[in-house]
Amino acid sequence: MAAEAPPPSTEQRKLPTPEEFTEVQESAEFGELRRSHRSFAFPLTVAFIIWYLLYVLLSSYAGDFMGAKLFGNINVAFVFGVLQFVTTFLIAWWYSRHAATKLDPKAEAIKNRMEGGA
């Protein structure tokens with residue numbers, strides 16, 4: 001059985017007050033972090049929902065199109081279904097990369113400053 005890691009020491013870090021949280025939330029730096037997240041996440045979410053609804057609507061109302069054979073027993077519906085999984089994984093990978101390069105450094109800087117590390 002592995003030993004549990006000790007909890008982080010609160011002596012090394014200063015815990016922020018509610019007023020400091022409010023001040024940071026109203027800062028331009030936090031606003032930029034929020035804008036950076038929203039400008040990436042919201043359009044991608046809307047695009048994926050539209051793509052998913054297109055798949056559902058085509059499956060419901062365009063049976064002939066979705067049932068069209070492409071090769072062998074593979075039809076349009078199967079390809080679109082597989083593409084749903086592919087786009088889900090691509091979006092997750094793309095967001096992870098975006099967060100690691102653009103969001104995490106800004107968030108870490110704000111966190112360190114609030115905890116007294118900077």
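A few remarks follow.
- Filter result (polar (S, T, N, Q) and closer than 18 Å to F48 by Cα) within region 68-87: Q84, T87
- Residue count for region 1-32, restricted to those that are modelled with pLDDT of 75 or more, surrounded by 10 or more Cβ atoms within 10 Å (Cβ to Cβ) and part of a loop (DSSP other than H, G, I, E, B): 3
- Residue pairs whose Cβ atoms lie under 8 Å apart, sitting 6 or more positions apart in sequence or on different chains, and linking a residue in region 45-61 that is within 16 Å of L90 (Cα to Cα) to a partner that is surrounded by 10 or more Cβ atoms within 10 Å (Cβ to Cβ) and among the β-branched types (V, I, T), are F48/T87; F48/T88; F48/I91; W51/T87.
- Test: residue in region 33-55 that is closer than 26 Å to A100 by Cα, at pLDDT 90 or above, loosely packed, with under 11 Cβ neighbours inside 10 Å and β-branched (V, I, T): yes
The values are calculated or read from the model by the stated rules, or taken from the named source; none is laboratory data. Because the structure is predicted, anything quoted here is derived from the model rather than measured. So basically every Cβ, Gly included, is an ideal-geometry build from the backbone, and we count neighbours across all protein chains shown.
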